[in-house]
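Remarks on the structure that follows.
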Amino acid sequence: MPTETNTTPELNHIQAGALRPRPKTYRGAYFLLRIDDRPAGREFLRRLIPALASAADPDRPAWLATSLSFQGLKALGVPQESLDSFPPEFQQGMAGRAADIGDTGENAPDQWEQPLGSPDVHIVLAAIAPDAAQFEAIVARAHDTFSDLPGVSLIWRQDVATLPTERDPFGFKDGIGQPAIEGSGLPATNPHEAPLKAGEFILGYQDETGDVLPGPQPDVLGRNGTYMVFRKLHTRVAAFRQYMRERATSPADEERIAAKIVGRWPSGAPMALAPEQDDPELGAAPHRNNAFLYGDDARGLKCPLGSHVRRMHPRDSAIVGEVRLHRMLRRGTSYGPPLPQGVLEDDGADRGIMFAFLGAHIARQFEFVQAQWVNDGKFFGAPAEKDPLIGANDGSGQFTIPQQPIRRRMQGLPAFVVNRGGEYCFMPSLPALHWLANLDT
């Protein structure tokens, strides 16, 4: 029988970054570090730990979170028997799993931004704050942990921030529809979805199958940890706008096609509740804009079956697979300048989304969704279609908009999003970080 500690998350041991959503408006950055000296890497962790908040601490609006790649754990000197206890997909890393998740062609690792995908990526340090002043303060604190350690090197930085529109680079409200987790204290945004078991997201607890997933060993290393997957997703906003303009019959039709592709209107109003036109009041209501199911829209006449948000979370749709086994915590943040409204030509700027997944099952959650729901359509009966927004389309893709009397089929879909690289990381608990910092191997 499960014990109480197997069902109630120990929030004081879990890093805040594992469960805490980003602020509505934010400044942030991702830092990648390489460990060249084992004692220096452990000293870095000892200095960093006091700067990390726990999930039980609601009073830190700005926070740091840290994760380690498999190569980073090796660089710290984690014993081989512990390294062997991690799942194979984590050990292989994102670049090693590229073919399995559809990162081929222009998404392939040999096209990635350096040093992403290389063995040099050891530590990911994420900083987030609600304003510029707090951001600069927390970044300064982060720099203090490694700036005078010659054996720890900063090898990459990506700044992120809320765009002036408070929307994603494509112009749509983002960050809607996160799952509720039992015992986390985070409120549900969809009253139709029961909270998920903590073990879906945090190691050491029951998951939706009723089991406790075997975690990295020893128990102090694995328990209360989670996996973090990050991807730098470059967005081709001008190409997205051009595609709508070339195929639409009017400006209103442009907006409608784009909304059908995304599954929501720019304001955040879901097509499931506002199928005919945008409803900014609905989009701005956090307790309404995610309160829906798809059971009354089996044909996709309101929200297309293959739209981006319906693929990422099919809810109660009749599909192949069990939706609750593939839920993810998503922590997307925008980077780069917005493309001015109405501009149809690319200005050469690098803009996009730093995507982050958090969960206990890289293979069952992130990899399944990426390979099956994003880059395949078999699960809802359209094997020739990929996700129209983030799928690996190559100019020959298609997207079906169900409507009466005749469906509308969008042909020649190009890639609107390109992966510039990323990595699979492990976000240890606070006790695990102490254990890592005090290794004597």
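The values are calculated or read from the model by the stated rules, or taken from the named source; none is laboratory data. Here the structure is a predicted model, which is why all the values come from computation and not from measurement. Don't worry about glycine lacking a Cβ; one is built from the backbone with ideal geometry, like all the others, and counts go over all protein chains shown.
Going by the conditions given, is residue 423 farther than 25 Å from residue 30 by Cβ, touching a residue at least 24 places away in the same chain (Cβ under 8 Å) and among the charged types (D, E, K, R)? Full working, then the answer.
Numbers: farther than 25 Å from residue 30 by Cβ: no; touching a residue at least 24 places away in the same chain (Cβ under 8 Å): yes; among the charged types (D, E, K, R): yes.
No; evaluated as a whole, the condition is false for this residue.
Is it true that some residue in region 267-283 is under 21 Å from residue 179 (Cβ atoms), touching a strand residue (DSSP E or B) at 6+ places or on another chain (Cβ under 7 Å), outside the structural domain of residue 32 (by TED's automatic domain parsing) and at pLDDT 95 or above?
Yes - at least one qualifying residue is present in region 267-283.
Can you tell me which of (1) at pLDDT 95 or above; (2) more than 23 Å from the chain's Cα centre (by Cα) is the one residue 395 doesn't meet?
Looking at each condition in turn, residue 395 falls short on (1).
Each row is one residue, and each column tells you yes or no for (1) among the hydroxyl-bearing types (Ser, Thr, Tyr); (2) within 23 Å of residue 393 (Cβ to Cβ).
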| position | (1), (2) |
| --- | --- |
| 317 | yes, yes |
| 328 | no, yes |
| 339 | no, yes |
| 343 | no, yes |
| 349 | no, yes |
| 355 | no, yes |
| 359 | no, no |
| 374 | no, yes |
| 379 | no, yes |
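Which numbered condition in (1) on the phi > 0 side of the Ramachandran plot; (2) surrounded by 21 or more Cβ atoms within 10 Å (Cβ to Cβ) is the only one that residue 55 fails?
Going through (1) on the phi > 0 side of the Ramachandran plot; (2) surrounded by 21 or more Cβ atoms within 10 Å (Cβ to Cβ) one by one, residue 55 breaks only (1).
Yes or no, residue by residue, for (1) in contact with a helix residue (DSSP H, G or I) (Cβ under 7 Å, 6 or more places away or on another chain); (2) aromatic (Phe, Trp, Tyr):
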| position | (1), (2) |
| --- | --- |
| 26 | no, yes |
| 30 | no, yes |
| 33 | no, no |
| 50 | no, no |
| 54 | yes, no |
| 73 | yes, no |
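Is it true that some residue in region 324-347 is among the small types (Gly, Ala, Ser), outside the structural domain of residue 129 (by TED's automatic domain parsing), at pLDDT 95 or above and under 27 Å from residue 411 (Cα atoms)? Break it down stepwise before answering.
Initial filter on region 324-347 (among the small types (Gly, Ala, Ser)): 332, 334, 336, 342.
Applying the additional criterion that residues be outside the structural domain of residue 129 (by TED's automatic domain parsing) yields 332, 334, 336, 342.
Filter again for at pLDDT 95 or above, leaving 334, 336.
Checking the rest, the ones that are also under 27 Å from residue 411 (Cα atoms) come to none.
The answer is no, given that none of the residues of region 324-347 is among the small types (Gly, Ala, Ser), outside the structural domain of residue 129 (by TED's automatic domain parsing), at pLDDT 95 or above and under 27 Å from residue 411 (Cα atoms).
This table checks each residue for (1) more than 25 Å from residue 203 (Cα to Cα); (2) in the same structural domain as residue 109 (by TED's automatic domain parsing); (3) of a type outside the set (S, T, N, Q).
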| residue | (1), (2), (3) |
| --- | --- |
| 396 | yes, no, no |
| 401 | yes, no, yes |
| 409 | yes, no, yes |
| 414 | yes, no, yes |
| 417 | yes, no, yes |
| 428 | no, yes, yes |
| 432 | no, yes, yes |
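Which members of region 324-347 meet the condition of being crowded, with 21+ Cβ neighbours inside 10 Å and of a type in the set (S, T, N, Q)?
Across region 324-347, the qualifying residues are 333, 334.
So how many residues does region 204-225 have that are crowded, with 20+ Cβ neighbours inside 10 Å and either among the basic types (Lys, Arg) or over 15 Å from residue 436 (Cβ atoms) (or both)?
4
Tell me, which residue of region 392-420 that is in a loop (DSSP other than H, G, I, E, B) and in contact (Cβ under 8 Å) with a residue 24 or more places away in the chain is surrounded by the most Cβ atoms within 10 Å (Cβ to Cβ)?
416
Report the residue count in region 180-202 for those that are buried (at least 18 other Cβ atoms within 10 Å of the Cβ) and either among the hydroxyl-bearing types (Ser, Thr, Tyr) or in contact with an Asp or Glu (Cβ under 7 Å, 6 or more places away or on another chain) (or both).
Adding up the residues that qualify gives 6.
Which count do you get for residues in region 236-271 that are of a type in the set (A, V, I, L, M), surrounded by 21 or more Cβ atoms within 10 Å (Cβ to Cβ) and not in a helix (DSSP H, G or I)?
2
Would you confirm, using the coordinates I've provided, whether residue 358 is surrounded by 14 or more Cβ atoms within 10 Å (Cβ to Cβ) and farther than 24 Å from residue 67 by Cβ?
The answer is no for residue 358.
Restricting the first residue to region 131-158 and requiring it to be in the same structural domain as residue 33 (by TED's automatic domain parsing), which pairs with a second residue that is of a type in the set (Val, Ile, Thr) meet a Cβ separation below 7 Å and a spacing of at least six or different chains?
These pairs meet every condition: 146/152; 151/35; 152/35.
Kindly check whether there is at least one residue in region 119-127 that is of a type in the set (Gly, Ala, Ser) and surrounded by fewer than 21 Cβ atoms within 10 Å (Cβ to Cβ).
No, that holds for no residue.
Give region 19-48 a look and list any residue that's exposed (fewer than 15 other Cβ atoms within 10 Å of the Cβ) and within 26 Å of the chain's Cα centre (by Cα), or say none.
21, 24, 25 - these are the residues of region 19-48 that are exposed (fewer than 15 other Cβ atoms within 10 Å of the Cβ) and within 26 Å of the chain's Cα centre (by Cα).
Starting from region 97-109, keep only residues that are under 14 Å from residue 417 (Cβ atoms) and in contact (Cβ under 8 Å) with a residue 40 or more places away in the chain, then list their pairs with residues that are in a loop (DSSP other than H, G, I, E, B) and not polar (S, T, N, Q) whose Cβ atoms are within a distance under 6 Å, requiring at least 6 positions of separation or different chains.
As it stands, the answer is 102/392; 107/392, since those pairs meet every condition given.
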